[in-house]
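What follows is calculated from the coordinates using simple rules that are stated; it is not laboratory data. In this text the structure is predicted, and so the values were computed from the model without any measurement. Cβ sites come from the backbone with ideal geometry, for glycine too, and all protein chains shown count toward neighbours.
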Amino acid sequence: MVMENKKMAVYKDNEGKAHKYSAICTHLGCIVSWNELEKSFDCPCHGSRFSCQTGKVINGPANNALEIKNNE
């Protein structure tokens, strides 16, 4: 799920753990969206893809992972 009003990207895994990240792409600041087919957070602007479980970059042009948001 992407919560645009809070700019958060949240994924709940099979064990029920919520993985929370900033929804702001680390490339140029666009808001990522959820890719149901690939189970990833994807940037619609330039195609960066991020892991739903780690926030790390799967495909660039982004070089940095999404910021972890544990306390929200």
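Details
- Along each principal axis, Cα extent of the chain, largest first, Å: 31, 24, 18
- A simple spin-label model places the labels of Asn14 and Ser33 2.8 nm from each other, with each point 7 Å out along Cα-to-Cβ.
- For Met8, nonlocal amide neighbours, meaning residues 5 or more places apart or on other chains whose placed amide H falls under 5 Å from its own, are Met3, Ala23.
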